[in-house]
Amino acid sequence: MGHGVESFGDNSVAASRRLSTLARHLEASSMAESENVGLRRSLTSGFDGDSVFAHVVKAPEDPILGVTIAYNKDPSPVKLNLGVGAYRTEEGKPLVLNVVRRAEQLLINDRQAKLSVLVSRVKEYLPIVGLAEFNKLSAKLMFGEDSPAIRKNRVTTVQCLSGTGSLRVGGEFLARHYHQKTIYIPQPTWGNHPKVFTLAGLSVKTYRYYDPATRGLNFKGLLEDLDSAPSGAIVLLHACAHNPTGVDPTPEQWEKIRQLMRSRKLMPFFDSAYQGFASGSLDVDAQAVRMFVADGGECLVAQSYAKNMGLYGERVGALSIVCNAADVASRVESQLKLVIRPMYSNPPIHGASIVATILRDKNMFNEWTVELKAMADRIITMRQKLFDALRARGTPGDWSHIIKQIGMFTFTGLNKEQVAFMTKEYHIYMTSDGRISMAGLSSKTVPHLADAIHAAVTRLS
Ligand code: PLA
């Protein structure tokens with residue numbers, strides 16, 4: 001019971017149970033309706049009771065997005081936001097890529113006649129699964145131009161609300177249709193992962209990933225934990241540029257992880273939020289995913305264009321489910337539609353049109369890769385500058401992890417108290433786990449950050 005097709009049966013039972021509860025509720029409320037007419041009349045003159053929401057307690061801010069809220073409230077001219085992973089220029093300004101501006105211009109001028117499907121100048125609804133051309137091109141970007149899995153129609157790709165939405169839709173699909181309901185996430189991981197998957201209906205467990213002593217990968221712990229996970233369990237893997245640690249397995253380690261996962265029948269669910277941001281190359285950053293797809297096995301991939309195309313607020317992403325046969329992929333897609341339709345009906349058109357415009361045109365694609373590499377390179381330069389600045393100050397400790405770590409973040413090793421001190425005394429905002437967004441740093445602000453780290457380390461060790 002509870003496997004494959006049966007689990008769909010379970011869901012039908014659950015759905016009809018929910019429907020009959022709803023019907024009973026409607027009946028009861030229509031009876032109550034006639035009895036309460038008089039009472040309601042007497043209330044129309046005004047309502048002065050307590051709010052029915054009076055018991056609602058104030059929720060804490062989000063650990064990552066709340067950092068920006070605190071930063072915005074700070075009037076200091078030297079304040080620095082290194083909390084959320086959002087790219088800033090050397091001048092500390094948000095960046096809209098030139099190629100994105102160009103794509104938008106084309107869309108506004110309606111010069112995309114060749115786009116066979118809807119574009120954002122037309123404000124129609126997209127299909128439930130989003131813009132077809134966007135989906136096709138996104139799959140190619142992730143799995144490679146001549147991926148056999150795509151050629152054999154073994155992949156279904158649906159446009160979702162950025163990386164988060166793709167993870168959520170994937171999680172909900174697995175909770176309904178996959179026989180194992182446990183997902184293993186790395187320890188530590190992006191703070192939203194456990195919430196997304198729990199609310200999707202999965203049960204969340206962790207596997208060892210990071211070793212604070214070496215500031216590197218706990219490879220032995222990782223293999224042990226995956227080896228003892230129940231057969232079939234889902235495993236969340238960061239495709240590249242692990243958040244928050246900046247520590248990725250080497251290609252050889254990925255190969256060992258792949259072998260172990262396939263032999264234990266564990267289901268890989270890749271979160272690819274930083275393709276191109278880690279190495280500067282879209283293909284290199286997709287290698288781990290492609291390794292798992294090349295063996296013919298099944299997996300899920302959540303893709304985000306927030307960082308690599310700077311489309312944060314456009315909420316553009318995709319979920320791909322790689323299946324072992326075309327007919328399975330087609331049935332899986334039909335069920336993904338049933339997950340999406342009651343959740344948000346269909347995804348937004350504008351961002352996906354921008355992405356499709358760029359990916360389909362060779363020149364624009366190349367222009368994008370150049371701009372993407374420039375962002376990745378600037379982050380790498382910031383790593384070197386911060387490392388040099390700490391060395392120049394003689395700050396106690398080995399800071400080589402700053403230059404060894406990969407992607408948008410440095411997991412500094414600073415503790416909660418040191419972070420609080422840096423925020424209070426230096427107006428530097430970062431998450432309390434000691435993660436700093438290197439993309440928020442510039443040559444001008446490196447000395448200020450180095451001063452703050454030096455003071456925090458020497459005063460509060
Ligand atoms: N997955 C990982 C590993 C991420 O780091 C993020 C974003 C996402 C998914 C989701 O991104 P998207 O929905 O915007 O596509 N993490 C950020 C932002 C950059 C955030 O927390 O929302 C971060 O600062 O960690």
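Before moving on, here are some points about what is shown:
- In this simple spin-label model, placing a label point 7 Å from the Cα along the Cα-to-Cβ direction at both residue 124 and residue 256 gives a separation of 5.3 nm.
- Radius 14 Å from Cβ of residue 164, net charge of other residues (Lys, Arg +1; Asp, Glu -1): 0
- Under 5 Å, built H, 5+ apart or other chain: amide partners of residue 203: 182, 183
- Across segment 200-231, the residues whose backbone nitrogen lies under 19 Å from the label position 7 Å along the beta-carbon direction of residue 404 are 208-223.
- Taking 0.36 nm per residue of separation and subtracting the Cα-Cα distance, full extension of the segment from residue 362 to residue 223 would add 45.9 nm.
- Test item: Cα-centred dipole of segment 308-372, Lys/Arg +1 and Asp/Glu -1 on Cβ, debye: 260
- Debye-sum result for segment 304-423 in log10 I(q)/I(0), which assumes one identical scatterer on each alpha carbon, at q = 0.21 Å⁻¹: -1.18
- When the square roots of the Cα gyration tensor eigenvalues are ordered a ≥ b ≥ c, the ratio a/c for segment 155-306 is under 1.5, which makes its shape rounded.
- Under the Debye formula (equal points on every Cα, no solvent term), log10 I(q)/I(0) of segment 152-240 at q = 0.20 Å⁻¹: -1.00
- In the chain, the convex hull through the Cα atoms has an average projected area of 27.4 nm², a quarter of its surface area.
- Subset of 265/307; 136/307; 73/416 violating a 27 Å alpha-carbon distance limit: 265/307
- With N as its number of residues, segment 54-96 has a Cα radius of gyration that, divided by 2.2 N^0.38 Å, comes to 1.51.
- Cross-link partners of residue 140 among aspartates and glutamates (Cα-Cα below 12 Å; sequence separation of 8 or more within a chain): 283
- Annotation: amide H-H contacts under 5 Å for residue 409 (H modelled 1.01 Å from N, sequence separation of 5 or more, or interchain): 438.
- Segment 328-428 - percent relative contact order, Cα under 8 Å, separation 6 or more: 14
- When the helices of the chain are scored as -39500 (n - 2.57) per DSSP H run of n ≥ 4 and the total is divided over every residue, the value at 222 nm lands at -15500 deg cm²/dmol.
- Pairwise label distance in nanometres, residue 187 with residue 295, each label 7 Å out on the Cα-Cβ vector: 2.4
- Axial C-alpha extent at least 30 Å, average Kyte-Doolittle at least -0.5 - helices from the chain (DSSP): 4-43, 362-393
- Within the same chain, aspartates and glutamates fewer than 8 places from residue 205 are excluded, and of the rest, those with a Cα less than 19 Å from its Cα are 172, 224, 225, 227, 271.
- Each Lys and Arg contributes +1 and each Asp and Glu -1, all at the Cβ; summed about the Cα centre of the chain, the dipole is approximately 300 debye.
- Taking every alpha-carbon pair within segment 201-279, the share separated by more than 16 Å comes to 51 percent.
- Segment residue 214..residue 384, full-extension length gain: 59.2 nm, with 0.36 nm per residue of separation and the alpha-carbon distance subtracted.
- Rounded percent of accessible protein surface that carbon and sulfur make up, the chain, 1.4 Å probe: 56
- Annotation note: GluC sites (Glu not before Pro) in segment 124-226 located in DSSP loop regions with a Cβ neighbour count of at most 16 within 10 Å are 124, 145.
- Which of 234, 142, 261, positive extreme of dipole for segment 111-266 (C-beta unit charges): 142
- Computed FRET value (nearest 0.05) for residue 76 with residue 415, which takes r as the C-beta separation and R₀ as 25 Å: 0.60
- Rolling a 1.4 Å probe over the heavy atoms of the protein chains gives the chain an accessible area of 48 Å² per residue.
- Residue 54-residue 105 pseudo-label distance in nm [points 7 Å out on the Cα-to-Cβ vector]: 6.0
- Taking trypsin sites (Lys or Arg not before Pro) across segment 390-454, the ones in a DSSP loop with at most 16 further Cβ atoms lying within 10 angstrom of their Cβ are 444.
The values are calculated or read from the model by the stated rules, or taken from the named source; none is laboratory data. Just so we're clear, the structure is a prediction, and the values are computed from it rather than from any experiment. Here Cβ is always computed from backbone atoms with ideal geometry, including for glycine, and neighbour counts include all displayed protein chains. What goes into the accessible areas is simple: the full protein's heavy atoms, side chains included, and nothing from ligands, DNA or RNA. Shrake-Rupley method; radii C 1.70, N 1.55, O 1.52, S 1.80 Å.
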